Structures are given as C-alpha cells and as structure tokens.
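This report refers to the structure that appears directly beneath it.
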Amino acid sequence: MRIGDHCRLEKLRIRRPSQIWLGRQNALSEGTWLWPIDADYNGIRIHIGDHNYFNRNVMIDACGLVKIGNNNMIGPGSYITDANHTMEPDKWVAACPMDVGTVVIGDGCWIGSNVTILKDVALGSRCIVAAGSVVTRSFPFGSLIGGNPARLVRRHMIDPSVMPAP
C-alpha cells in the first residue's frame, strides 16, 4: 500500500493493500474499510488524493476503480462502491459475476453521514451530498444533492474560478 506522509490511520480494515494508493495528510477514522475485490490485480483500485477526512465506519468497496480527489470530507457510516451484484436465473447470487464500473469524487466535496454512492457515479468538485442520500447518478461541480435516489436540490456554487487555492 502506498501511503503519503502525515496520514492519520485509526483501526482500519484493509484488503489487497497493493491495490490502494493513499495521498498525503489524510485522516481515516476508526472503522474505515478500504476493500478492493479479493483478486490479483497489478493496478490501483482505490485511489485517494490528499487532505481528505473519512469519519467513522466509512467503507470503500472497489472491484474496478474508486477515485477520490483532494480536500473532501466523508461523513460517518458512508458507503462507496463501484460494482453491483448480478443475478442469473440458474445461479445463486454469489456465483454470478459483478457488474463493475467506476466512482469518481472531485475535490472539496462534503458527503454527509450514512450516504451511499453507487457505481458509475462522478461527483464534480465542491458537491454537497445530504445525509442519508443514495447517489445513483452523476452531478456536476457545485451541486447540492439529496434524497433516495439523490436529486439536484440546487447549485450552491457556479463559478469554478472562485475556488480557493489548495
């Protein structure tokens, strides 16, 4: 596992560490799971940038790629996954292949507590996701989203040129 300097890691569960890239100055609170699929792979399945905060009991479940940018805050109990189980009529669910995609979270997002982010979602930078939301589709820069399934509540920030320097 590649871990940048000045990270704070508290009682994590990690599988397949060679598939995880963790940038600088991240804080991963107790109960965080970084969980690539249990299969050989020479690349990165979980890529986390710099200066992110993961509150208690966050799970990142990756079969393809989950990429998280910089300066994000992720609330307690949140779940991020890039795959869904499939079901075939003549097989038990555990014997069926996964439907694998990606998740990309931009920079400076605030993801509330108990949020679920599902496969093939891209959140633009500076998005806010309300607590308890289930995100099933992508949203652009500066979106405030909430609900199950999550929908656009409003754009809280329009002009990317007003973003602070990292």
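If you go through the stretch 125-138 one residue at a time, do you hit one that is in contact with a helix residue (DSSP H, G or I) (Cβ under 7 Å, 6 or more places away or on another chain) and in a loop (DSSP other than H, G, I, E, B)?
Looking through the stretch 125-138, none of the residues is in contact with a helix residue (DSSP H, G or I) (Cβ under 7 Å, 6 or more places away or on another chain) and in a loop (DSSP other than H, G, I, E, B).
Can you give me the number of residues within the stretch 131-155 that are aliphatic (A, V, I, L, M) and buried (at least 20 other Cβ atoms within 10 Å of the Cβ)?
First, pick out the residues of the stretch 131-155 that are aliphatic (A, V, I, L, M): 131, 134-135, 144-145, 150, 152-153.
Filter once more, keeping what is buried (at least 20 other Cβ atoms within 10 Å of the Cβ): 135, 145, 150.
Of the residues in the stretch 131-155, 3 are aliphatic (A, V, I, L, M) and buried (at least 20 other Cβ atoms within 10 Å of the Cβ).
Could we say that Gly23 is in contact (Cβ under 8 Å) with a residue 40 or more places away in the chain, surrounded by fewer than 16 Cβ atoms within 10 Å (Cβ to Cβ) and under 28 Å from Arg126 (Cβ atoms) here?
Values: in contact (Cβ under 8 Å) with a residue 40 or more places away in the chain: yes; surrounded by fewer than 16 Cβ atoms within 10 Å (Cβ to Cβ): no; under 28 Å from Arg126 (Cβ atoms): yes.
Spelling it out, it is not the case that Gly23 is in contact (Cβ under 8 Å) with a residue 40 or more places away in the chain, surrounded by fewer than 16 Cβ atoms within 10 Å (Cβ to Cβ) and under 28 Å from Arg126 (Cβ atoms).
Please enumerate the residues belonging to the stretch 16-30 that are closer than 23 Å to Pro76 by Cβ and touching a strand residue (DSSP E or B) at 6+ places or on another chain (Cβ under 8 Å).
Selection gives Ile20, Leu22, Gly23, Asn26, Ala27, Leu28, Ser29.
Taking interchain pairs and intrachain pairs at least six residues apart, which have beta carbon atoms under 6 angstrom, with the first residue in the stretch 126-142 and closer than 16 Å to Ser78 by Cα and the second among the aromatic types (Phe, Trp, Tyr)?
Cys127/Phe139; Ile128/Trp110
For Ser133, are the conditions met, namely being under 19 Å from Asn57 (Cα atoms) and touching a Gly at 6+ places or on another chain (Cβ under 6 Å)?
yes
Taking the stretch 43-60 only, how many residues are surrounded by fewer than 19 Cβ atoms within 10 Å (Cβ to Cβ), in contact with a Ser or Thr (Cβ under 9 Å, 6 or more places away or on another chain) and closer than 13 Å to Ile20 by Cβ?
Number of matching residues: 1.
State which residue pairs qualify: first residue hydroxyl-bearing (Ser, Thr, Tyr) and inside the stretch 43-56, second residue part of a strand (DSSP E or B) in any location, beta carbons under 6 Å apart, and separation of 6 or more residues or different chains.
Tyr53/Ala27; Tyr53/Met73
Looking at the stretch 90-113 only, could you name the residues that are assigned to a loop (DSSP other than H, G, I, E, B) and surrounded by fewer than 15 Cβ atoms within 10 Å (Cβ to Cβ)?
Here is the first cut: in the stretch 90-113, the residues assigned to a loop (DSSP other than H, G, I, E, B) are 90-92, 96-97, 101, 106-109, 112-113.
Of everything in the stretch 90-113, those that are assigned to a loop (DSSP other than H, G, I, E, B) and surrounded by fewer than 15 Cβ atoms within 10 Å (Cβ to Cβ) turn out to be Asp90, Lys91, Trp92, Cys96, Pro97.
Would you be able to tell me the number of residues in the stretch 114-124 that are in a strand (DSSP E or B) and either among the polar types (S, T, N, Q) or in contact with a Leu (Cβ under 8 Å, 6 or more places away or on another chain) (or both)?
2
Answer yes or no as to whether Arg13 is touching a strand residue (DSSP E or B) at 6+ places or on another chain (Cβ under 9 Å) and either free of Cβ contacts under 8 Å to residues at least 24 places away in the same chain or basic (Lys, Arg) (or both). Steps first, please.
Numbers: touching a strand residue (DSSP E or B) at 6+ places or on another chain (Cβ under 9 Å): yes; either free of Cβ contacts under 8 Å to residues at least 24 places away in the same chain or basic (Lys, Arg) (or both): yes.
It is true that Arg13 is touching a strand residue (DSSP E or B) at 6+ places or on another chain (Cβ under 9 Å) and either free of Cβ contacts under 8 Å to residues at least 24 places away in the same chain or basic (Lys, Arg) (or both).
A quick yes/no check of all residues on (1) over 19 Å from Thr32 (Cα atoms); (2) in contact with a Gly (Cβ under 8 Å, 6 or more places away or on another chain):
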{"residue": "Met98", "(1), (2)": "yes, no"}
{"residue": "Asp107", "(1), (2)": "yes, yes"}
{"residue": "Ile111", "(1), (2)": "no, yes"}
{"residue": "Val121", "(1), (2)": "yes, no"}
{"residue": "Arg126", "(1), (2)": "yes, yes"}
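Every read-out reported here was derived from the displayed coordinates using simple, explicitly stated rules and does not represent laboratory data. What you are looking at is a predicted structure, and each value in this text was computed from that prediction instead of being measured. Here Cβ is always computed from backbone atoms with ideal geometry, including for glycine, and neighbour counts include all displayed protein chains.
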